[in-house]
Every structure is written in structure tokens, then in C-alpha cells.
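Structure first, commentary second.
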Amino acid sequence: MVVSIDLSYMPERLRYIIHKSIDLKYPPDHNEAIIILQDESNAQKIKSRLEEILKENTIQDFVVTENTEKQNEITLLKKGDIEQLGIYLCTHCGVAFGSEIQRTVHQRIHYFG
Ligand SMILES: [Zn+2]
């Protein structure tokens, strides 16, 4: 399985921090906007690691989100840009949705299991 991390919304400086911190098996030559993790089966683990990296580097204006349509695609988004992009984030787990209704439906799982 493949997990991809989309850093295209991040400035170069922050991309560099992510590239440096994420311990890639096959590090890319440049600070590419998309990191592809081959043979990675655990998107949740990668997500947690990215959240740690943001914390460790006090990058507070970006959040780690998962694409609900494409599995195993993680995107780092700037908090202020999220609504402009028409993305609604679950306030509990950070999963991204294309509409407020979808998010509301999803958020129920956190309350009712
Ligand atoms: Zn959620």
C-alpha cells in the first residue's frame, strides 16, 4: 500500500522541516510538494507522526487532514485557508469533508460510537 502526503499548501521552509523530520526510507532530492511513502500500510501512524512534527516545531497554523475520497492521502492545510477551499474538518479527528452536512453526519460516530 502507498500513503501520500500533500505538502503543496505549505511554504518551502515548512516543507523542508517535514522532509527532514519524517524519516523517509527513500528521501526525495528536493523539497517536493507530494511525498509518496511506498510500502506504507498505516496512514494513521503517518498522520500521528505529522501531528507530532507540527507540535515539535510549533507550527500552529497547519493541520493534518485526511482525504475522504482518496484513501491514504494526507494533506497539510493552513487553518485560515480551509474554509476558502470548501473543506470542512471534523473537530475530533481532522478528517476532511466536502460539505458541512457530510461532516455533521460523520461527527455523530464520535458521540455514538
Ligand atoms: Zn472525526
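Structure notes:
- For the range 54-68, a residue qualifies if it is more than 18 Å from His110 (Cβ to Cβ) and within 16 Å of the ligand (Cβ to nearest atom), and exactly one does: Asn67.
- The range 1-23 residues that are of a type in the set (Gly, Ala, Ser), paired with ones that are assigned to a helix (DSSP H, G or I) (beta carbon under 8 Å, 6 or more apart): Ser21/Ile53; Ser21/Glu56
- Number of the condition not met by Asn31 [criteria: (1) within 16 Å of the ligand (Cβ to nearest atom); (2) touching a helix residue (DSSP H, G or I) at 6+ places or on another chain (Cβ under 6 Å); (3) not in a strand (DSSP E or B)]: (1)
- If you check Ile74, Ile87 for being more than 14 Å from Ile17 (Cβ to Cβ) and over 12 Å from the mean Cα position of the chain (by Cα), only one passes: Ile87.
- In the range 95-108, the residues that are farther than 19 Å from Ile34 by Cα and either in contact with a strand residue (DSSP E or B) (Cβ under 7 Å, 6 or more places away or on another chain) or surrounded by 12 or more Cβ atoms within 10 Å (Cβ to Cβ) (or both): Phe97, Gly98, Ser99, Glu100, Gln102, Arg103, Thr104, His106, Gln107
- Residue count, the range 75-113 (criterion: more than 16 Å from Asp61 (Cα to Cα) and polar (S, T, N, Q)): 4
- Residues (in a helix (DSSP H, G or I), free of Cβ contacts under 8 Å to residues at least 24 places away in the same chain and either more than 10 Å from the ligand (Cβ to nearest atom) or over 14 Å from Glu66 (Cβ atoms) (or both)) located in the range 95-108: Glu100, Ile101, Thr104, Val105, Gln107, Arg108
- Residues that are within 10 Å of the ligand (Cβ to nearest atom) and either surrounded by fewer than 18 Cβ atoms within 10 Å (Cβ to Cβ) or in a loop (DSSP other than H, G, I, E, B) (or both) within the range 69-94 comprise Cys90, Thr91, His92, Cys93, Gly94, listed in sequence order.
Read-outs throughout are calculated quantities, based only on the coordinates presented, and are distinct from any laboratory measurement. Note that this is a predicted model, so its numbers are computed, not measured. Using ideal geometry, Cβ is built from the backbone for each residue, glycine included, and neighbour counts are taken over all protein chains shown.
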